[in-house]
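Have a look at the structure below, then the notes.
The values are calculated or read from the model by the stated rules, or taken from the named source; none is laboratory data. Everything numeric here is computed off the predicted structure, so don't read it as measured data. Cβ: placed from backbone, ideal geometry, glycine included. Neighbour counts: every protein chain shown. Side chains included, ligands, DNA and RNA excluded: accessible areas come from the protein's heavy atoms. Shrake-Rupley method; radii C 1.70, N 1.55, O 1.52, S 1.80 Å.
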Amino acid sequence: MAKTFGNFDRVWNSPTLMTWGSFVTRSLSLVIVLPLILTRLSTAEIALWYLFSTIIGLQMLADVGFSPTFSRVIAYGMGGLNTFDLKDLRTIRQSPSLGEPNWATLEKICSTMRAVYLRLTAISIFLLAIIGTWSLVKPISTIADITSGWIAWGVILLASTVTLLGNTYSSYLQGVNQIALLRRWEILTSLGAIGTSFIVLLLGGGLLGLVIANQGWLVFNIFRDRWLCAKIEGGRFQQFTHKEIDPIVFEAVWPSAWRSGLGVFMTYGLVQISGVIYAQFGTASGVASYLLALRLMQMVSQFSQAPFYSKLPLLAKLRSEGNLEQQVNVAKRGMLLAYWTYVTGFIGLGVLVTPLLKLIGSNAEFVSPLLWGIMGLSMFAERYGAMHIQLYSTTNHIIWHIANSVSGVIYLVVVLALFKQIGVYAFPVGTLAGYLGFYCWYSAMHSYKSFGLRFWDFERSAMFIPLLVMLIYLTGTLFTTKNLV
C-alpha cells in the first residue's frame with residue numbers, strides 16, 4: 001500500500017508527467033469540440049474561428065520573451081542569488097549563502113516584472129486593436145451575422161488585456177518550481193473549458209458563444225493563477241506590492257528577453273502570421289482548410305516535444321558533471337522517441353483526417369496530400385534543428401536567436417517570391433527553405449562540434465529511420481492520390 005501511494009505521489013508531483021497530462025487534456029478538444037466546430041459552424045465561421053485562434057496565439061509575441069526570462073531569474077532568486085549575480089551566471093561560484101531563497105531579490109524581480117507587463121499590455125492591446133481589426137475586416141464580412149463577429153472580437157480584446165497582465169502569475173509559479181501544481185490545475189480547467197465549449201455548440205451558441213466560453217475560461221485561469229500564487233511560499237507574492245522597474249534586474253533580463261522574443265517571432269510568429277495574411281487573399285474554404293491543417297500540425301509538433309524536452313534538466317546536469325558520453329546517449333534516445341512520436345502523429349492524421357471529416361459531414365475540407373506533406377517535412381526539419389540547438393544550449397551559449405533570425409529572413413524571401421505562383425504552398429515551402437537553408441545545419445553544426453560527433457554516426461540511430469518511414473509514406477501517398485495540385 002505504501003509503495004502504491006509513493007508511486008502516486010511521484011506521478012502527482014512530476015512536472016514532466018503533469019505537463020503531459022495538461023497537453024493530453026487540451027488535446028481532447030480535437031475529439032470532443034472539433035467535430036462540432038466543423039459541423040455546427042459555416043465554412044466562413046470556421047475560417048474566422050481559426051483566425052481568432054491564430055491572433056490569440058500571437059499574444060506570445062507581445063510577451064517579447066519576458067515570461068521565460070522572468071521565470072528563470074525568479075528561479076535564480078530562489079537559489080539565493082542577489083540582483084548583481086543575475087546577469088552572467090558563468091561568473092558565479094558556489095557560496096554557503098546560496099540555496100535559501102533571497103526574498104529581497106525576488107521582490108525586486110517581481111516588482112520589475114509587474115511594471116514591465118503593465119507597459120507591455122498597454123502597447124500590445126493598442127497594436128492588437130489596430131492591426132487585428134484591420135486583418136479581420138474581410139473575414140468577418142464573409143459570415144452571415146457580421147455584428148456577432150465584431151462582438152466576438154471585442155470580447156477577445158478585453159480578455160487579452162487580462163491574460164497579458166496575468167503572465168506575471170504563471171511566470172512566478174514556474175520560477176518557484178511549482179510547475180506540477182500549475183499543470184494539475186490546468187488539467188482541471190482545460191476539462192471545464194472543453195465541456196463548456198461542447199455544451200455551447202450543442203445548444204446552438206454559434207461562433208459568438210464559442211468565443212465567450214473560450215475567453216471566459218482564459219480569464220478564469222488568470223484568477224486561478226493569482227490564487228495559487230497567494231497559497232504558496234507563505235503568500236509572499238501578495239506582499240510584493242511595488243510596480244517599479246529595478247534597473248539592475250531589468251539590465252539582467254532584457255538581453256535574454258529580446259533574444260527570446262526575436263527567436264519566437266522569426267519562427268512561430270511568422271508561421272502564425274502566414275494564416276492571417278492568407279485570410280486576406282484566400283477563399284473562406286481555402287482559409288478554413290489551411291488553418292485547420294496548421295492547427296493540427298502544431299499539435300503534433302508540440303506533443304512530440306515532450307520525450308526530448310523533458311530530459312533537458314538531466315542533460316544540463318550531465319553537462320555540468322562533464323559526463324558527455326551519457327549526455328549524448330540520453331539525448332539520442334530522447335530525440336529518437338520524439339521523431340517517432342512526430343512521424344506517428346503526422347502519418348496518423350494524414351490517413352484518418354479526410355475520412356473522418358467526410359464521416360461527420362464537416363463544412364471544412366482537409367488540405368491536399370501534397371500541401372500536408374510539405375508542411376510535415378518542414379516541421380520535421382524544425383524538430384531536428386530545435387532539438388540540436390537545445391542540446392547545444394546546455395553549454396550555456398545561446399545561439400538560437402541567430403538561427404531563427406536568418407532562417408526567418410529566408411522564409412520571407414521565398415514566400416514573397418513564390419506566393420503569386422503557388423499560393424498557399426509558398427508558406428510551407430518557405431518554412432522548409434528557411435530550416436534547410438540555415439536553421440538545421442547551423443544548429444546541428446554547433447551541437448556536433450561541441451560533443452565531437454559526426455552526422456552519420458549520430459543520426460543513423462536517431463533521425464534516419466523515422467525520416468525514411470516518413471518519406472516512404474509521402475512517396476506512396478503522392479503516387480496513389482489523384483488530388484495533386
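Ignoring ligands, DNA and RNA, what percent of the accessible area of the chain is carbon or sulfur (1.4 Å)?
On the way: 14950 of 22560 Å².
Exposed carbon and sulfur together represent 66 percent of the surface.
Cβ under 11 Å from L208's Cβ, L208 left aside: what net charge do those residues give with Lys, Arg +1 and Asp, Glu -1?
Values: positive: none; negative: E45, D145.
Here the count lands on -2.
What FRET efficiency comes out for the pair L165/S450, r = Cβ-Cβ distance, R0 = 45 Å, nearest 0.05? Display every interim value, and only then the final one.
On the way: r = 39 Å, r/R0 = 0.88.
E(calc), rounded to 0.05, equals 0.70.
Could you tell me the convex hull volume per residue, in Å³, taken over the Cα atoms of the chain?
Details: hull volume 80.7 nm³, N = 485.
Residue-normalised Cα hull volume stands at 166 Å³.
Considering the Cα positions of the stretch 339-485, please state its Rg to one decimal place and its Dmax as a whole number of Å.
In Å, with Rg to one decimal and Dmax whole: 17.2, 54.
The stretch 171-244: which GluC sites (Glu not before Pro) are DSSP loop and have at most 16 other beta-carbon atoms within 10 angstrom? Working shown, then result.
Working: sites: E186, E233, E244; in loops: E244.
Qualifying residues, ordered by number: E244.
Between R460 and Q238, what is the label-point separation in nm under the 7 Å Cα-to-beta-carbon projection?
It works out to 6.2 nm between the two label points.
Please get the size of the charge dipole for the chain, origin at its Cα centre, with Cβ charges of +1 on Lys and Arg and -1 on Asp and Glu, quoted in debye to the nearest 20. Present the calculation step by step, with values, prior to reporting the outcome.
On the way: 33 positive and 20 negative charges, 102 e Å.
In debye, rounded to 20, the chain gives about 500.
What accessible area per residue, rounded to a whole number of Å², is obtained for the chain using a probe radius of 1.4 Å? If you can, show how the numbers build up before the last one.
Details: 22560 Å² over 485 residues.
Accessible area per residue: 47 Å².
Relative to 2.2 N^0.38 Å, what does the C-alpha radius of gyration of the stretch 223-334 come to as a ratio? Two decimals please.
Numbers: Rg = 21.1 Å, N = 112, 2.2 N^0.38 = 13.2 Å.
So the Cα radius of gyration is 1.60 times the expected 2.2 N^0.38 Å.
Between R333 and I422, how many nm apart are label points set 7 Å from Cα along the C-beta direction?
4.0 nm
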